[in-house]
1. Going by the structure shown, is G33 modelled with pLDDT of 80 or more, out of contact with any Leu (no Cβ under 8 Å at 6 or more places or on another chain) and not in a helix (DSSP H, G or I)?
2. Using the structure shown, decide if G18 is surrounded by fewer than 15 Cβ atoms within 10 Å (Cβ to Cβ), modelled with pLDDT of 65 or more and assigned to a loop (DSSP other than H, G, I, E, B).
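The values are calculated or read from the model by the stated rules, or taken from the named source; none is laboratory data. Just so you know, these numbers come straight off a predicted model, no measurement behind them. Here the Cβ positions follow ideal geometry from the backbone for every residue, glycine too, while neighbour counts run over all protein chains shown.
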Amino acid sequence: MKTLITFTVAMIMLFFAGVKANSGEEYNKAVLGHVVQSTVNGTGVDVNKLMEQELQRVGHLYAIQMISIFQKYLPTILDGALADMRLKADKEYKCALLKGSKIEDDCK
């Protein structure tokens, strides 16, 4: 059963090797080599701790990627938000001007 878990962790690490190609490749090889060597030597590896650390590492990599994406598209996001705020402010102002008149456009 332990061998199956170790094999599964190794396969997951190989899968995540494609997440970060160059600098992460050496890291993945080193960790995978350590897991295989520990299994062969019979010392074993704390698979739960290893999986937790790998998931934290992958989460960190994706967080860094998301920050760069936000940085790239932030001007467009802000322009859209500002346009939406202007439309809401214009509608409130129009409704304030039409308050008490017989014209009830879309203000309710």
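1. Spelling it out, it is not the case that G33 is modelled with pLDDT of 80 or more, out of contact with any Leu (no Cβ under 8 Å at 6 or more places or on another chain) and not in a helix (DSSP H, G or I).
2. no
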